[in-house]
Amino acid sequence: MSFSIRKAVDDDARFLPAIERSAGQAFRSVPELAWVADDGVMSVDAHRACIATRTCWVAVDEQGRVVGFLSAQRCGQDLHILEMSVAHDRQGRGLGRRLLSAAYDDARASGLSGLTLTTFRTIAWNAPFYEKSGFYMLPSDMPDARLAAVLREEAQAGFPPRVTLRNAVRCSGLKEVFGEAFFKKLQRTPPF
């Protein structure tokens, strides 16, 4: 079966919460995170906001059914991924990588500096998946204020500790890749 990736349209928003619920079923295999399968999902209105700013992509099957999505928002020079989900029965077919690629290409064409997200560190389809897709983990003591606020909100919502990841879209040096705080720390650190 072949799939295509396209920008989401307003009518797609109504399908996205069900896809996120379906994707969440994978967490049932992780006892300490099984509750995620029953947790809340992004609202239709939140997806519509992403669609309105053209920061939502969908994976569509041959019959035109939406089977996956990536919803994001622009935050300064970054595109922050709010949620990426592929229907449980469609996982393992490369759709997540293709959705990431579409977001990356769009961020690059828009002159943004990177993609960011927060996720679980050890779950195979979370941080390890993103790292294989070109993301790198930001040091836990150095997320920028925006990402630190996201981590606090997630902790207040009951999530166990999560990590922040970044994929540099355009890179002109250490400051852009690792952030100002990391660069300053690097300058203060003796070489030996």
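Just how far, in whole angstrom, is region 136-165 from region 7-81 if you go by their alpha carbon centroids?
If we compute the Cα centre of each part, the gap is 20 Å.
Mind sorting out which of (1) 18.0, 67; (2) 20.7, 64; (3) 17.0, 60 is the real Rg and Dmax of the Cα atoms in Å computed from the coordinates?
For Rg and Dmax of the Cα atoms in Å, the calculated option is (3).
Counting heavy atoms of the protein chains only and a 1.4 Å probe, report the per residue accessible area for region 62-133 as a whole number of Å². Please report the intermediate quantities before stating the final value.
On the way: 3270 Å² over 72 residues.
In whole numbers, region 62-133 has 45 Å² accessible per residue.
Nearest 10 degrees is fine. How inclined is helix 145-156 to the longest principal axis of the chain, computing both from alpha carbons?
60 degrees
Once a ≥ b ≥ c are taken as the square roots of the eigenvalues of the Cα gyration tensor of region 74-156, is the result rounded (a/c under 1.5), prolate (a/b larger than b/c) or oblate (a/b not larger than b/c)? List each step's numbers first, then the result.
Numbers: a/c = 1.86, a/b = 1.19, b/c = 1.57.
In terms of gyration-tensor shape, oblate.
Amide H neighbours of G68 under 5 Å, counting only residues 5+ apart in sequence or on other chains, H built in-plane at 1.01 Å?
A59, A87
I'd like to check one number: the per residue accessible area of region 1-53, probe 1.4 Å, reported in Å² as a whole number.
In whole numbers, region 1-53 has 53 Å² accessible per residue.
Please determine, in degrees from 0 to 90 and to the nearest 10, the orientation of helix 95-109 with respect to the longest principal axis defined by the Cα atoms of the chain, where the helix direction is its Cα long axis.
Roughly 60 degrees between the two axes.
With r as the distance between the Cβ atoms of R54 and E154 and R0 = 30 Å, compute the FRET efficiency 1/(1 + (r/R0)^6) and round to 0.05. It would help to have the intermediate numbers written out before the result.
On the way: r = 26 Å, r/R0 = 0.86.
Using R0 = 30 Å, I get an efficiency of 0.70.
With charges set only on the Cβ (+1 for Lys and Arg, -1 for Asp and Glu), what does the dipole of the chain come to about its Cα centre, in debye to the nearest 20?
Working: 25 positive and 22 negative charges, 119 e Å.
I would put it at about 580 debye.
Normalised by the residues of the chain, what does the relative contact order come to in percent, with Cα pairs under 8 Å and at least six apart?
Details: 293 pairs, mean separation 33.0, N = 192.
Relative contact order, the chain: 17 percent.
Where the accessible area of region 1-137 is counted over protein heavy atoms with a 1.4 Å probe, how much of it, in %, is carbon and sulfur? Please list the in-between numbers first.
Numbers: 3210 of 6420 Å².
Taking all protein chains in place, region 1-137 shows 50 percent carbon and sulfur surface.
Looking at the square roots a ≥ b ≥ c of the eigenvalues of the Cα gyration tensor of region 1-50, which shape do they give, rounded for a/c under 1.5, prolate if a/b is larger than b/c, or oblate? Please report the intermediate quantities before stating the final value.
On the way: a/c = 3.55, a/b = 1.59, b/c = 2.23.
Cα axes put region 1-50 in the oblate bin.
Starting from the amide H of F135, placed 1.01 Å from N in the peptide plane, find each other amide H under 5 Å away whose residue is 5 or more places distant or on another chain.
So F135 has HN proximity to no qualifying residue.
The values are calculated or read from the model by the stated rules, or taken from the named source; none is laboratory data. Please read these numbers as outputs of a predicted model, since none were measured by experiment. We place every Cβ from the backbone using ideal geometry, glycine too, and count neighbours over all the protein chains shown. Ligands, DNA and RNA are stripped out before the accessible areas are found, and what is left, the full protein with its side chains, is counted by its heavy atoms. Shrake-Rupley method; radii C 1.70, N 1.55, O 1.52, S 1.80 Å.
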